[in-house]
1. Name the residues in segment 35-52 that are closer than 18 Å to residue 101 by Cα and surrounded by 19 or more Cβ atoms within 10 Å (Cβ to Cβ), would you?
2. If only one of 101, 155, 146 is assigned by TED's automatic domain parsing to the domain that holds residue 88 and either at positive phi or among the hydrophobic types (A, V, I, L, M, F, W, C) (or both), which one is it?
3. Go over the candidates 133, 112, 91 one by one and state the one that is closer than 30 Å to residue 28 by Cβ and at pLDDT 90 or above.
4. Return the residues of segment 57-84 that are crowded, with 17+ Cβ neighbours inside 10 Å and either free of Cβ contacts under 8 Å to residues at least 24 places away in the same chain or small (Gly, Ala, Ser) (or both); say none if nothing qualifies.
5. Considering only segment 116-137, state which residues are touching a residue at least 12 places away in the same chain (Cβ under 8 Å) and farther than 30 Å from residue 54 by Cβ.
6. Go through 98, 88, 158 for me and flag whichever is surrounded by 12 or more Cβ atoms within 10 Å (Cβ to Cβ), assigned to a loop (DSSP other than H, G, I, E, B) and out of contact with any Phe, Trp or Tyr (no Cβ under 7 Å at 6 or more places or on another chain).
7. Need pairs with beta-carbon distance below 7 Å; first residue over 13 Å from residue 114 (Cβ atoms) and within segment 27-47, second of a type outside the set (Ser, Thr, Tyr) and surrounded by 17 or more Cβ atoms within 10 Å (Cβ to Cβ); sequence gap 6+ or separate chains.
8. Of all residues in segment 103-151, count the ones that are surrounded by 11 or more Cβ atoms within 10 Å (Cβ to Cβ) and not in a loop (DSSP other than H, G, I, E, B).
Amino acid sequence: MNFKNKRSRSQLSSVHNNLSEILGEEALGELIGISRLRRAWPDIVGPMMATRTEPVQLEHLDGNGICLWVAVDHSIMSQQIRFLRDQIREACFKHAGIRNLHKIRSRVQPGAGIKAKAPKAKPKRVSFRQKRALAKDVMNIKDRGLRKAIFKAHLAQIAYNEEENK
């Protein structure tokens, strides 16, 4: 018997090609541009301004230029964006590869800003003496699985609390 697979092989294509068919080449370009800008925004405007502002839209102008719309949480940040427009334009090209950026406009939007990710807490090493004291505290629990789970939970709590106290 000949059990050869008669199904034809799939032709793999890139995600870029598939998305450009769905969205259109221009819309995909804008989406890629704005995502690059959002990733690089803290490097472009600095960490303080990045928490109070964020790029929201790239708009193509009639003269083949691009207008960047920036959401700000207060009108003072809008004024700051206007003062720094030349530096922002250069930084957008340097960090995100955005060319032909002719205008930077802003609009007040409460809650605007890219929130910085908090660094992940690292546990501190727990001494053997602390582990022994913890083991004595949980030794009266008869269920072995429960005892082990409680021991691990308390151990983690000690490790992270020690880190916070410093």
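1. Those that are closer than 18 Å to residue 101 by Cα and surrounded by 19 or more Cβ atoms within 10 Å (Cβ to Cβ): 37, 40, 41, 44, 45.
2. 101
3. 91
4. 71, 78
5. Scanning segment 116-137 gives 123, 124, 125, 126, 130, 131, 134, 135, 137.
6. 98
7. Partner pairs satisfying both residue conditions: 30/58; 33/58; 33/98; 36/96.
8. Residues meeting the conditions: 19.
The values are calculated or read from the model by the stated rules, or taken from the named source; none is laboratory data. Keep in mind it's a predicted model, so treat the numbers as computed, not measured. FYI the Cβ positions are ideal-geometry reconstructions off the backbone, even for glycines, and counts take in every protein chain you see.
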